[in-house]
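The next block holds one structure in the form of structure tokens; read it before the comments.
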Amino acid sequence: MGRVAGKIALVTGAARGLGEAIACMLAREGATVVLADLDEKAGKRIQRKIKAEGGNATFSLLDVTSEENWARCMAMINRRFGEFHILVNCAGINVGRSFPSDTTLSDWRRVISVNLDGTFLGTKHAVALMSKGTPVNGSIINISSVMGLVGFAGIGPYSASKGGVRLYSKSVAISCAEKMLNIRVNSVHPGFIETQLLRQGMKSIEDPVEAERIYNALQPVGHLGEPDDIAYGVLYLASDESKFVTGTELIIDGGYTAR
């Protein structure tokens, strides 16, 4: 028996990076995973990978900024499985670094729409469906960032969105607890993790060797994290092992925010 055996999980942004690692981890530990993403080709590749390893997964085309998409996805989960236990809001974007006076309103709105609105919509619809469970037993894990805890020059929209994810998670956790709903809500704050999104950011440094040195030096442990470092944290929050954990943040950053 796996740590989340028998549970139904939805992971957004599941076609690559942290979302892929989280989805595969939950599937290995016994969950049936709905892989939600806009990239159907990559998402179905992950679906085949999970099934080849003996897990259960299905793909759902999902634009996290669309409430209509969320309603359709939740209706599919309810119709197909009749219950819902785990939501991981992982889909997120950044638009590169810019000085505040150079940041466009369109870039600001795009980042906020995916990172914060997407988390709001997913959480809203997940709480509604999880509340119908008999018994109710839900865990919502919202992927924030260390940049939602501390400042970093040039990424104002991203930091604002991720800081919002952190406090929104706390508010929903308290709201559910006050109604005696067994739905826990927590945020996870990755540090610098070896993903495509991070590699894109590193391209702002022309010399790739120097970029590697600089980013490794940012970490007290001396190296970047791996996607599975985050996936193991999510697995804990998704499992019943964390039944007394809600409204908090799990920081997985190699010591970055300890300085």
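As a check on your grasp of the helix formula, calculate [θ] at 222 nm for the chain: sum -39500 (n - 2.57) over DSSP H runs of n ≥ 4, divide by the residue count, round to the nearest 500.
Values: 9 runs with 113 residues, N = 259.
One gets -13500 deg cm²/dmol as the mean residue ellipticity at 222 nm.
Using a simple spin-label model with pseudo-atoms 7 Å out from Cα toward Cβ, Ala42 and Ser98 lie 2.2 nm apart.
Note down the magnitude of the dipole of the range 32-154 about its Cα centre, charges +1 on Lys and Arg C-beta and -1 on Asp and Glu C-beta and zero elsewhere, to the nearest 20 debye. Can you show the working numbers first?
Details: 14 positive and 11 negative charges, 88 e Å.
Here the size comes out at about 420 debye.
Evaluate the Debye formula for the range 93-183 with equal point scatterers sitting on the alpha carbons, no solvent, and hand back log10 of I(q)/I(0) at q = 0.15, 0.25 Å⁻¹, in q order, two decimals. Evaluating at q = 0.15, 0.25 Å⁻¹ gives log10 I(q)/I(0) of -0.61, -1.19. Each label was represented as a point 7 Å from its Cα along the Cα-to-Cβ direction; for Ser106 and Val150 these points are 3.4 nm apart. Taking a straight Cα-Cα cut-off under 13 Å and skipping sequence neighbours fewer than 8 places away in the same chain, the aspartates and glutamates within cross-link reach of Lys170 are Glu178, Glu249.
Compute the Cα gyration tensor for the range 34-99, then decide on rounded, prolate or oblate, letting a ≥ b ≥ c be the square roots of its eigenvalues: rounded whenever a/c is under 1.5, prolate when a/b is larger than b/c in the other cases, and oblate in all that remain. Oblate, since a/c reaches 1.5 and b/c is not below a/b. The slack in the chain from Phe244 to Glu53, taken as 0.36 nm per residue of separation less the alpha-carbon distance, amounts to 65.6 nm. Taking all C-alpha pairs of the chain, those more than 26 Å from each other amount to 37 percent.
For the range 1-94, the set of GluC sites (Glu not before Pro) satisfying both a DSSP loop assignment and a count of at most 11 other C-beta atoms within 10 Å is given as Glu53.
Quick check on my link table: of Lys124/Lys179; Lys7/Lys132; Lys7/Lys179; Lys51/Lys132, which ones sit more than 25 Å apart, alpha carbon to alpha carbon? Could the numbers behind the result be given before it?
Details: Lys124/Lys179 15 Å; Lys7/Lys132 15 Å; Lys7/Lys179 23 Å; Lys51/Lys132 29 Å.
Correct reply: Lys51/Lys132.
A P(r) calculated from all alpha carbon pairs of the range 168-232, with 5 Å bins opening at zero, reads 3, 15, 18, 16, 10, 10, 9, 8, 6, 3, 1 percent.
Using a Gaussian network model of the chain in which every pair of alpha carbons under 10 angstrom is joined by a spring, one finds that among Gly156, Gly222, Gly43 the greatest mean-square fluctuation is at Gly222. In the elastic network of the chain, a GNM with C-alpha springs shorter than 10 Å, the most mobile of Lys49, Lys179, Lys162 is Lys179.
Between Asn89, Asn182, Asn142, the residue with the greatest mean-square fluctuation in the GNM of the chain (Cα pairs under 10 Å linked by springs) is Asn182.
If the only charges are +1 at each Lys and Arg Cβ and -1 at each Asp and Glu Cβ, what is the size of the charge dipole of the range 130-259 around the Cα centre, to the nearest 20 debye? Please list the in-between numbers first.
On the way: 11 positive and 13 negative charges, 133 e Å.
With Lys and Arg at +1 and Asp and Glu at -1, about 640 debye.
For Asp37, Asp117, which order do you get if you count the other beta carbons within 10 Å of each Cβ and list the fewest first?
Values: Asp37 27, Asp117 18.
With the fewest neighbours first, Asp37, Asp117 line up as Asp117, Asp37.
Placing a pseudo-label 7 Å from each Cα along the Cα-to-Cβ vector at Ala75 and Arg213 gives an inter-label distance of 5.8 nm. Dipole magnitude for the chain: about 720 debye, using +1 per Lys or Arg Cβ and -1 per Asp or Glu Cβ, origin at the Cα centre.
Read the figures in this text as sums done on the coordinates, not as results from a lab. As the structure is a prediction and not an experimental result, all values here were calculated from the model. Cβ atoms come from the backbone with ideal geometry, glycine included; neighbour counts cover every protein chain shown.
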